[in-house]
1. Please go through the range 193-211 and give me each residue that is surrounded by 15 or more Cβ atoms within 10 Å (Cβ to Cβ) and within 16 Å of the ligand (Cβ to nearest atom), ordered by number.
2. Can you give me the number of residues within the range 190-243 that are in a helix (DSSP H, G or I) and free of Cβ contacts under 8 Å to residues at least 24 places away in the same chain?
3. Inspect the range 259-267 for any residue being surrounded by 15 or more Cβ atoms within 10 Å (Cβ to Cβ), out of contact with any Ser or Thr (no Cβ under 9 Å at 6 or more places or on another chain), in a loop (DSSP other than H, G, I, E, B) and not aromatic (Phe, Trp, Tyr) and give the result as yes or no.
4. Is it the case that the range 257-272 has a residue that's in contact with a Lys or Arg (Cβ under 8 Å, 6 or more places away or on another chain), farther than 20 Å from residue 351 by Cβ and either in contact (Cβ under 8 Å) with a residue 24 or more places away in the chain or within 16 Å of the ligand (Cβ to nearest atom) (or both)?
5. Give the residue that is farthest from the ligand (Cβ to nearest atom), with candidates limited to residues of the range 120-143 that are surrounded by 22 or more Cβ atoms within 10 Å (Cβ to Cβ) and of a type in the set (A, V, I, L, M, F, W, C).
6. Suppose the filter is touching a residue at least 24 places away in the same chain (Cβ under 8 Å), within 16 Å of the ligand (Cβ to nearest atom) and either within 29 Å of residue 277 (Cβ to Cβ) or small (Gly, Ala, Ser) (or both); does residue 187 pass it?
Amino acid sequence: MTPAKMNVRFLDLRVLDAHERGELTAVFDTMLLHGRIVLGPEVQRLEEQVAARCGRRYAVGVSSGTDALMLALKSLDIGPGDEVITTPLSWLATANAVAVVGATPIFADIGDDLNIDPASIEPLVNSRTKAILPVHYTGKVCRMPELTSIARRHDLHVVEDAAQAFDSEQDGRKAGSFGVLGCFSMNPMKIFAACGEAGMIVTDRQDLYDRLVSLRYHGTMQRETCVELAWNGRMDTLQAGVLSARLPRLDAIIEARARIADRYRRGLGTVVDCPVEGASARDVHYTFTIQAERRDELKAYLEERGVETKIQHPLLVPDQPVYAARPAAACPNARRLVSRILCIPAHEKLPDEQVDFVIGCVREFYAVQGTR
Ligand SMILES: *Cc1c(COP(=O)(O)O)cnc(C)c1O
């Protein structure tokens, strides 16, 4: 029998390992000694590491994933009058980045994998369409061959929102390496996490790299002459140092999450819909998002038993009040799925007994008897 109650955290951002804490505080110490607090040498080092890891020529460190998206769009001259096709199921940052640079987000539909459905994109393309902005949601790479061929057919840019998918793969290629630009967030919730806000843009194109370096500091040349309007989106030295210090542990984090995901699939696969990992994919499991009947009741039940869960996200982006004035997006599949999704705890520090407790609770909720 599963115990009545156990506190299971959704995320645990504490660093309890003293050795790891020592490595992180050493980053601060090093920075204090060289004194280059913003865009210090640690930023360049991280840019090289991230570019190499993603299989891209260039990386540009910026102050957040949101900034990465806005600067990426600006570097492609996307702005007023332009449309960008994206997914209705994402964190607000994706569509807001489009809207804040003055363009219009157009919402396609999603598939059962919760990612943008390529078939729903083409009917939305018109002469104003400039780009497709897919989100590798939950850390699962979108169907990139189909997306890139649609983009090629209509001469559109593909900008990847890979904020949740650092180090995810499809057919041996990393998230962020498919589009003309790939954008990452390294905020503390993400799998490759800083101790504050941070983001990164990757590309193979030198012209875009040069422009992004200028754009991230008010569109300046030699940090003095302003040639186009932008804002301050530079990366902190400290965050870059923290990320480099954490990079060697990334594989272990991803493996631990994969093991937890497998444990959930074995325990829950017959009870709820669990995320499926494609045959030629490596998902980093940013979240483990199940699709469940009576989702709200299940969430309340798990809460009673001490299990913290999240709905990412309860409201589709086109249904946010800020987009209410626009014609409603159709996206029937997204509307169906948004009432079924639930993220259950799956972070790398979760002990097996807690995973098993969550499995037991979900099975008891649906009153499924039997062995596992
Ligand atoms: C986290 C996230 C962002 C934004 O990143 P920040 O660093 O928080 O600005 C953008 N898109 C998606 C899909 C995200 O999950």
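Bear in mind these aren't lab numbers, they're just calculated from the coordinates by the rules spelled out. Just so it is clear, the model here is predicted, and its values are computed rather than measured. Glycine also receives a Cβ, built like all others from the backbone with ideal geometry; neighbour counts cover every protein chain displayed.
1. 193, 194, 195, 197, 198, 199, 200, 201, 202
2. Counting residues in the range 190-243 that are in a helix (DSSP H, G or I) and free of Cβ contacts under 8 Å to residues at least 24 places away in the same chain gives 3.
3. no
4. yes
5. 121
6. The answer is yes for residue 187.
Every residue, every condition in (1) crowded, with 19+ Cβ neighbours inside 10 Å; (2) within 30 Å of residue 53 (Cβ to Cβ); (3) not aromatic (Phe, Trp, Tyr), yes or no:
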{"position": "249", "(1), (2), (3)": "no, yes, yes"}
{"position": "270", "(1), (2), (3)": "no, no, yes"}
{"position": "274", "(1), (2), (3)": "yes, yes, yes"}
{"position": "278", "(1), (2), (3)": "no, yes, yes"}
{"position": "289", "(1), (2), (3)": "yes, yes, yes"}
{"position": "293", "(1), (2), (3)": "no, no, yes"}
{"position": "297", "(1), (2), (3)": "no, no, yes"}
{"position": "301", "(1), (2), (3)": "no, no, no"}
{"position": "310", "(1), (2), (3)": "no, yes, yes"}
